[in-house]
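Below is one structure, written out as structure tokens; the observations come after it.
The values are calculated or read from the model by the stated rules, or taken from the named source; none is laboratory data. Owing to the predicted nature of the structure, the values given are computational and were not obtained by experimental measurement. Please note: Cβ atoms are built from the backbone with ideal geometry, for glycine as well, and neighbour counts cover all protein chains shown.
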Amino acid sequence: MEFKRQTLPNGLEVIAEVQPEAFSMSIGFFVNTGARDETPELSGVSHFLEHMLFKGTPSRSAEQLNQMLDDLGSQSNAYTSEEQTVYYLSSLPEFQGQALELLADMMRPALREEDFETERQVILEEIAMYDDQPPYGAIDRLMEDYFQGHPLAGRVLGSCESVSQLKTDAMRRYHEAHYAPNHLCLVAAGAVDFDRLVDQALEATQSWQPRPRHRVTQAHQPKTSRHLLVHPPAIQQYTVAFAPGPSRSDPEKHATRLMTSILGDDTGSRLFWRLVDTGDAEAASLFTQEYQDCGVVGIFLSCQPAASSSNWIAIADELKKAMRDKLTESELQQAKNKVCSSIALAAERPGNRLFSVGNAWTLRKTYETVAESVAKYQQVTVGQCQAALEKLLSAPSVIVSVGPEENRELSDAIASPSLGG
């Protein structure tokens, strides 16, 4: 396995983790743009543009694009997040050239007016669908409130208002500014012929022109707030909390991830045995989300409304108990085994390594082998996990809960300004 990298004259980075013994290859364009790069008037444009790249190019219709993807026998898709948009496919190595040419063509979409209006309705339905699904907008409200005044506060899907008002010309200008070659990274993994990949990329992108670009990054100053929302169709109470956590480049992220695994993963953590295995809650978990300039540690609780206050108190009790009585070496070793096994098993597929390698390089400019990633978790100590827990319990937090009716008991239970009470 070997990591290779080259930057083309137009600024496009080409990187690959070459594994000659693999039976497949995966390839994708990682675009350095997402919801955090949008103005309020353009909220949702990155995700909308992702849809439009599958609607055809000047030389191919949407039907032709999809037929070619089928002809390659590929598994293909795309996604938009707060910080990037990614287009990818996996196929047999002999289709490397066709796969790259097709993806490169998609990066320069036609953006036809009739397709724009059709896809606008699809996205409006998507927004409505997510609003109708648990936890009924709680995550979006949490992001907006927690990151208020920060670029990460914007919704990936945008709002019905912003999507309804978006114009084709505005999307074209956004595409021209953000899909320049020096804002993209071509990533490949598996049975890749890297020298051919570079030559193919040169040919496919020779007309692309670089553009200046600067992403706004800034420190985040968290605050404390509590919101209880009423959604009558809901059957359960959904409660989500955010507190400050490490960023993508923070070396403390490994200890924080292991701490959340010990206390709140969904396959044998303290919260699992306390609340889920007993049937008191449908879900009770801790998790992390990491971004370029900051991060969060999250708590999620889903249960019957009548049990929500006692379950939230139980979560706080477990966190304080872990601080008081300390995490154990055996718990930490179990968490390491889970995380490291997950990394190793995922690495057996080039499609998974595509995201590991691509995300690490495009968002942090680092490359790690599987062994190096595993080693960083193996080096974490109980003391480092305890320090991560102490930060969580003493930090300000934002909590949003959605349920079928007013819930005064839960309001009292979550009233403390910090998760540590």
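Being within 25 Å of MET143 (Cβ to Cβ) and polar (S, T, N, Q) narrows it down to one of THR366, THR362, THR381, so name that one. Selected residue: THR362, the only one of THR366, THR362, THR381 that is within 25 Å of MET143 (Cβ to Cβ) and polar (S, T, N, Q). Residues of the stretch 266-316 that are within 20 Å of PRO244 (Cβ to Cβ) and among the β-branched types (Val, Ile, Thr): THR288, VAL296, VAL297, ILE299, ILE315.
Taking (1) surrounded by 19 or more Cβ atoms within 10 Å (Cβ to Cβ); (2) in contact (Cβ under 8 Å) with a residue 60 or more places away in the chain; (3) closer than 30 Å to ALA415 by Cα in turn, ILE315 satisfies each apart from (2).
Can you tell me which of ASP131, ASP169, ASP115 is in the same structural domain as SER43 (by TED's automatic domain parsing), within 25 Å of the chain's Cα centre (by Cα) and either over 26 Å from ALA201 (Cβ atoms) or surrounded by 15 or more Cβ atoms within 10 Å (Cβ to Cβ) (or both)? Exactly one of ASP131, ASP169, ASP115 is in the same structural domain as SER43 (by TED's automatic domain parsing), within 25 Å of the chain's Cα centre (by Cα) and either over 26 Å from ALA201 (Cβ atoms) or surrounded by 15 or more Cβ atoms within 10 Å (Cβ to Cβ) (or both), namely ASP131. Only one of the numbered conditions (1) at pLDDT 95 or above; (2) surrounded by 15 or more Cβ atoms within 10 Å (Cβ to Cβ); (3) part of a strand (DSSP E or B); (4) under 19 Å from the mean Cα position of the chain (by Cα) is violated by TYR79, and that is (2).
Against the test of being in a helix (DSSP H, G or I), of a type in the set (Asp, Glu), in the same structural domain as GLY295 (by TED's automatic domain parsing) and surrounded by fewer than 18 Cβ atoms within 10 Å (Cβ to Cβ), the options GLU390, GLU368, GLU348 yield a single qualifying residue, GLU390. Just one residue in the set ILE414, ILE399 is surrounded by 14 or more Cβ atoms within 10 Å (Cβ to Cβ), of a type in the set (Val, Ile, Thr) and over 21 Å from the mean Cα position of the chain (by Cα); that residue is ILE414. Somewhere in the stretch 334-345, is a residue touching a residue at least 24 places away in the same chain (Cβ under 8 Å) and either over 22 Å from PRO251 (Cα atoms) or surrounded by 21 or more Cβ atoms within 10 Å (Cβ to Cβ) (or both)? Yes, the stretch 334-345 contains at least one residue that is touching a residue at least 24 places away in the same chain (Cβ under 8 Å) and either over 22 Å from PRO251 (Cα atoms) or surrounded by 21 or more Cβ atoms within 10 Å (Cβ to Cβ) (or both). Residues in the stretch 393-421 that are assigned to a helix (DSSP H, G or I) and either of a type outside the set (Gly, Ala, Ser) or within 30 Å of LYS338 (Cα to Cα) (or both): LEU393, SER394, ARG408, GLU409, LEU410, ASP412. Note on the stretch 233-279: residues that are in a loop (DSSP other than H, G, I, E, B) and either crowded, with 20+ Cβ neighbours inside 10 Å or not hydroxyl-bearing (Ser, Thr, Tyr) (or both) amount to 15.
When we screen ARG36, ARG60, ARG5 for residues that are over 27 Å from LYS365 (Cα atoms) and of a type in the set (Lys, Arg), the only hit is ARG60. The single condition among (1) farther than 21 Å from GLY351 by Cα; (2) surrounded by fewer than 17 Cβ atoms within 10 Å (Cβ to Cβ) that ASP70 does not meet is (1). In the stretch 263-300, what residues are within 26 Å of THR224 (Cα to Cα) and among the polar types (S, T, N, Q)? Correct list: SER285, THR288, GLN289, GLN292.
Among the residues of the stretch 371-387, are any closer than 30 Å to GLN75 by Cα, among the charged types (D, E, K, R) and free of Cβ contacts under 8 Å to residues at least 60 places away in the same chain? Yes, there is a match, as at least one residue in the stretch 371-387 is closer than 30 Å to GLN75 by Cα, among the charged types (D, E, K, R) and free of Cβ contacts under 8 Å to residues at least 60 places away in the same chain.
Six or more apart or on different chains, Cβ under 7 Å: which pairs go from a residue in the stretch 158-180 that's closer than 10 Å to PHE48 by Cβ to one that's surrounded by 14 or more Cβ atoms within 10 Å (Cβ to Cβ) and among the polar types (S, T, N, Q)? Could you list them? The qualifying pairs are GLY158/SER43; SER162/SER43.
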